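The numbers here are math on the coordinates, done by the rules we state, and not lab data. For clarity, every value in this text was computed on a predicted model and none was experimentally measured. Here Cβ is always computed from backbone atoms with ideal geometry, including for glycine, and neighbour counts include all displayed protein chains.
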There are 2 protein chains.
Amino acid sequence: MLNDRKKRVLQAIVEEYVNTAEPVSSKALIDRENLQYSSATIRNEMAELEKKGYLEKTHTSSGRVPSEKGYRYYVDELLKDDNISLEEVKYISEKLETKVNEIDELTKITASTISEVTHYTTVSIGPRTNEQLIKELKFVLINPTMMLAIIITNTDMIKETIIKFEEDINEKQVETMNYMFNQKLKNQPLKTIDRPLEEYLYDEMSYSVKVIKPIIEQIKRVLAQDDQVYLKGANNAFDLPEFNSLEVAKNFINVLDQKELVEDVLQSGLAEDINVYIGEENQKEELKDFSVITFRHKIGNKDMGTIGIIGPKRMDYSKVISVMKYINKKLKDL
Amino acid sequence: MLNDRKKRVLQAIVEEYVNTAEPVSSKALIDRENLQYSSATIRNEMAELEKKGYLEKTHTSSGRVPSEKGYRYYVDELLKDDNISLEEVKYISEKLETKVNEIDELTKITASTISEVTHYTTVSIGPRTNEQLIKELKFVLINPTMMLAIIITNTDMIKETIIKFEEDINEKQVETMNYMFNQKLKNQPLKTIDRPLEEYLYDEMSYSVKVIKPIIEQIKRVLAQDDQVYLKGANNAFDLPEFNSLEVAKNFINVLDQKELVEDVLQSGLAEDINVYIGEENQKEELKDFSVITFRHKIGNKDMGTIGIIGPKRMDYSKVISVMKYINKKLKDL
DNA sequence: ATTAGCAATCGACCAAAAAGAGTGCTAAAA
DNA sequence: TTTTAGCACTCTTTTTGGTCGATTGCTAAT
């Protein structure tokens, strides 16, 4: 356990380092109001914090930098989560009141708002396809060999796909299929469309395989489709000093370029609304030098999409988390 | 006009520079089979090419680098457009044979294939919304206050949107609207949905404004929506030595981050299938240090989407154009 | 328990020197 | 007349050495 003064020192170092991006010296802290000690005293505390693993040095005569353990302690125990200004509150409120027709759009707006307020890069993704229910399934005949299938989920997400047939079908048949498919699928999770259904349809329906097969195949394909990852503020990253290292910048772009990786990260979050992953805590090798904060937006129990912030380990955790918590409250009120 | 030997020298310099990214010295060329002269002779030719503006020096005692005029001459007069290997041909063919249901997907696949073969960053966009015809407009009632509008274009692009009403409507009304709207809009360009139509509908249709207004507004909104820009291989750029300059890398990311800018560039191309813009030839200030090659994919007269390659001015024009030409031919055969 | 003071360490910065690459030009060769 | 060898000159890159300043850890005093 850390004594009170050590906590104050650690907090001051994290905050100072987040601000300046320079290793923090004992001298840099002595002006703080809650640290009225000489530099020598601070130095002794820093040495002990280092021994315990909360701080690191880049070389013998440099100032200290928080270790990942240090950041973690800060996030868990020391962080203020009301670090948000009046202007920010106002700006966010305005943004969130934009009228949207689809939930997807709300996630995008939220993501870009977070990016604008925090100046970090955000990625976002809509609700998880697999967990949603089918609220409505509609087939619309376009011409004798083409039909449009529309799936509307309980979160009002729309997925649509064209289905082509090798033989002509008519309106009557479409109506029947509409009935049959809905019978079986309505209020079911999307992942229901799997083997058992396929068998059922082959068995129970009177249409030829030539008609049924393309429908199931195409619907499955659309559902399996990668969810769209939305990226905002990638260039903000380049204003941060850590991105002056080409190595780091390269890794960063590399991460953002791999949509599947980003998707995985966003999908993998725990049940919490807000999750913080610092450096090595990230599952993905490519993210070991970054910190990621994910924010899962729910209405009731319904997953409405996930937003992630990717930035340097020297991230302003306090600001980001404050903003997210405020947005979370605001969304619940909507 | 350039004499034959000067052409050979210019070509050799461009190719060498594209390969090595280092200013080309007179000595570096003397091993070429079609340049069997001493370095002094080459040097004299280089001096003259420089005086004519085809080459540049970074400082008095450096090798030569092609100027934009030099690249332009190379692209127009010297470039070989069959610079494509058997493996590449095979790889491309395979990729293009992927079955797709929507034209949009074909553009994406083509874009990523080009990126994979050339190792440059590609951006792409579907067919221009405004120029397409409405092949089919369908309204589907979801519940008494919600209707789905589906627009299918002549390139089989599907645009759909949910429309919410303040008062209940019934199946009968939807059918009538289906008829009325189709009557007016079928086989019209999408941009038809503009003021005149609005007036017409208000005048001629018997439904209240409360019903008509949200439909038109929402359809307009969807059509005005930014076309989705698809990005592939952004990280490839960072393997190129010019991106070791942080300045350049930053500009590059900045360009890619501005979807509207990229969209503009892709939409602005001339009537040609393939257009090359070298440095200052780009309309956009932000692209002055890059080269862009756009590739418009058409079937008949129908615009099917545009793909752009963004890279350094020291781009392998020959490779890129060879690949695009091959793909173009291949697509025409499909 | 805290602090003043000081030697020791190490990166950042700078200037000078040395090495290297390439050109332009002149004069000789073809 | 065209081509080439040779060399002085220019400019960049790399290396070297040395100073400066920031910061620490430790010791002894408060």
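How large is the helix-only mean residue ellipticity at 222 nm for chain A, computed as the sum of -39500 (n - 2.57) over DSSP H runs with n ≥ 4, divided by its residue count, in deg cm²/dmol to the nearest 500?
-13500 deg cm²/dmol
5 Å is the cut-off here: which amide hydrogens, built 1.01 Å from N in the peptide plane, fall below it relative to A:Gln228, excluding neighbours closer than 5 in sequence?
For A:Gln228, whose amide H was placed from the backbone, the distant partners under 5 Å are A:Gly126.
Taking the simple approach of a point 7 Å from Cα along Cα-to-Cβ for both A:Lys164 and B:Glu281, what is their distance in nm?
3.7
Taking each label point as 7 Å beyond Cα in the direction of the beta carbon, state the distances from A:Glu166 to the same residue in the other copies, shortest first, in nm.
Its label point is 5.3 nm from the equivalent points in the other copies.
With θ taken as phi - 60° and the coefficients 6.51, -1.76 and 1.60, list the Karplus ³J(HN,Hα) couplings across the stretch A:227-234 in order, rounded to whole Hz; mark glycine and proline as x.
Whole-Hz 3J(HN,Hα) from phi for the stretch A:227-234: 5, 5, 9, 10, 10, 9, x, 4.
Distance check, please: which entries in B:Lys138/B:Lys191; A:Lys108/B:Lys288; A:Lys108/A:Lys186; A:Lys325/B:Lys164 exceed 19 angstrom between their Cα atoms? Please report the intermediate quantities before stating the final value.
Values: B:Lys138/B:Lys191 17 Å; A:Lys108/B:Lys288 31 Å; A:Lys108/A:Lys186 28 Å; A:Lys325/B:Lys164 31 Å.
Over 19 Å Cα-Cα: A:Lys108/B:Lys288; A:Lys108/A:Lys186; A:Lys325/B:Lys164.
Cα-Cα pairs above 33 Å in chain B: how many percent? If you can, show how the numbers build up before the last one.
Values: 23797 of 55611 pairs.
Within chain B, distances greater than 33 Å cover 43 percent of Cα pairs.
Residue by residue through the stretch A:54-63, which ³J(HN,Hα) values in whole Hz follow from phi under the Karplus form 6.51 cos²θ - 1.76 cosθ + 1.60 (θ = phi - 60°), with glycine and proline marked x?
Running phi through 6.51 cos²θ - 1.76 cosθ + 1.60 with θ = phi - 60° gives 8, 10, 9, 10, 7, 7, 3, 10, 10, x Hz.
Using mean Cβ contacts within 10 Å as the protection proxy, how do B:51-59, A:39-47, B:147-155 order, highest first?
Details: B:51-59: 14.9, A:39-47: 16.8, B:147-155: 20.6.
Most protected by this proxy first, the peptides run B:147-155, A:39-47, B:51-59.
Relative to the longest principal axis of chain B, what angle (0 to 90°, nearest 10) does the C-alpha long axis of helix B:39-52 take?
Helix B:39-52 sits at roughly 40 degrees to that axis.
Once amide H atoms are built 1.01 Å from N in the peptide plane, which residues 5 or more positions from A:Asn83, or in another chain, come under 5 Å H to H?
It is A:Ser322, by chain and number.
Using a/c under 1.5 as the rounded threshold, could you call the protein assembly as shown rounded, prolate or oblate? The axes a ≥ b ≥ c are square roots of the C-alpha gyration tensor eigenvalues, and prolate needs a/b larger than b/c, oblate otherwise.
Values: a/c = 2.12, a/b = 1.10, b/c = 1.92.
Since a/c reaches 1.5 but b/c is at least a/b, the shape of the protein assembly as shown is classed as oblate.
With θ set to phi - 60°, apply the Karplus curve 6.51 cos²θ - 1.76 cosθ + 1.60 along the stretch A:275-288 and write out the HN-Hα couplings as whole Hz, x wherever there is a Gly or Pro.
10, 10, 10, 9, x, 4, 5, 5, 5, 7, 3, 5, 9, 4
Treating the point 7 Å from Cα along Cα-beta-carbon as the label, what are the nm separations from B:Glu33 to the other copies, to one decimal?
8.1
Show the residues, 5+ positions off or on another chain, whose built amide H is closer than 5 Å to the amide H of B:Ser67.
So B:Ser67 has HN proximity to B:Leu55, B:Glu56.
First measure r as the distance between the Cβ atoms of A:Lys172 and A:Asp273, then evaluate 1/(1 + (r/R0)^6) with R0 = 51 Å and state the FRET efficiency to the nearest 0.05. All intermediate terms of the calculation are to be shown ahead of the outcome.
On the way: r = 49 Å, r/R0 = 0.96.
It comes to 0.55.
Using the 7 Å Cα-to-Cβ label point, sort the distances from A:Asn178 to its equivalents in the other copies shortest first and give them in nm to one decimal.
The projected label point of A:Asn178 is separated from its counterparts by 0.7 nm.
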